Amino acid sequence: MSERSKETKIEIKPWEDKDLELLFQLNAPEMMEHLGGPENNEQILKRHQRYLQIGEKGCMFSIHSFPEAEAAGSVGYWQTVWNAENVYEIGWSVLPSFQGKGIATHAVKALIEKIKAERKYKYIHAFPSINNPASNAICRKLKFNLISECEFEYPPGSFMQCNDWCLELESIL
């Protein structure tokens, strides 16, 4: 099942085995600058398996740009516990050649609509690095509320300074 955004020419599709090449592309140093640096091949293969097997805990998607139908990035959500509350966490990444075109914003917006339909949790949180102006701008555009700066563990074993952005799903029903 795929969903096409009405506002821009993108499509988000559930993650498939063939998306492994996209994951390797998203692992480039410039793409991982705000996420602790590139992962090694073994880590990428493990991440790919997690994306394929996420099950009922969430869903990962590849983002495709039209009319070319090229893979442009990824977007996804997963269940997590934040401040002793069950919430969804959301994350995204768009390849450099597709950045600055609104693709990530539209993909995140399409994903929020999917999450909203589940009616499972009250909040979605995003944790972009405080040094990632583009991801923080997406949160602002989509009406997430900036809660605070926080220390966030990502990747496991490494801590970074992030902004905790929160979107209350009931406020957008």
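Go through (1) farther than 23 Å from residue 111 by Cα; (2) in a strand (DSSP E or B) one by one and return the number of the condition residue 166 breaks.
Condition (1) is where residue 166 drops out.
With respect to the numbered conditions (1) out of contact with any helix residue (DSSP H, G or I) (no Cβ under 9 Å at 6 or more places or on another chain); (2) open to solvent by 30 Å² or more (accessible area, probe 1.4 Å), which one is the sole condition not fulfilled by residue 92?
(1)
Got at least one residue in the range 64-74 being closer than 17 Å to residue 9 by Cα, acidic (Asp, Glu) and part of a strand (DSSP E or B)?
Yes, there is a match, as at least one residue in the range 64-74 is closer than 17 Å to residue 9 by Cα, acidic (Asp, Glu) and part of a strand (DSSP E or B).
Which of the residues belonging to the range 52-80 are surrounded by 22 or more Cβ atoms within 10 Å (Cβ to Cβ) and of a type in the set (Phe, Trp, Tyr)?
61, 77 - these are the residues of the range 52-80 that are surrounded by 22 or more Cβ atoms within 10 Å (Cβ to Cβ) and of a type in the set (Phe, Trp, Tyr).
What's the number of the only condition in (1) farther than 22 Å from residue 28 by Cβ; (2) among the aliphatic types (A, V, I, L, M); (3) crowded, with 21+ Cβ neighbours inside 10 Å that residue 84 fails to meet?
Only one criterion in (1) farther than 22 Å from residue 28 by Cβ; (2) among the aliphatic types (A, V, I, L, M); (3) crowded, with 21+ Cβ neighbours inside 10 Å is unmet by residue 84, namely (3).
The values are calculated or read from the model by the stated rules, or taken from the named source; none is laboratory data. These numbers were taken from a predicted model, which means no experiment stands behind them. Reconstructed Cβ throughout: ideal geometry from the backbone, glycine too, with neighbour counts over all protein chains shown. The area values use the complete protein model at the heavy-atom level, side chains included, leaving out ligands, DNA and RNA. Shrake-Rupley method; radii C 1.70, N 1.55, O 1.52, S 1.80 Å.
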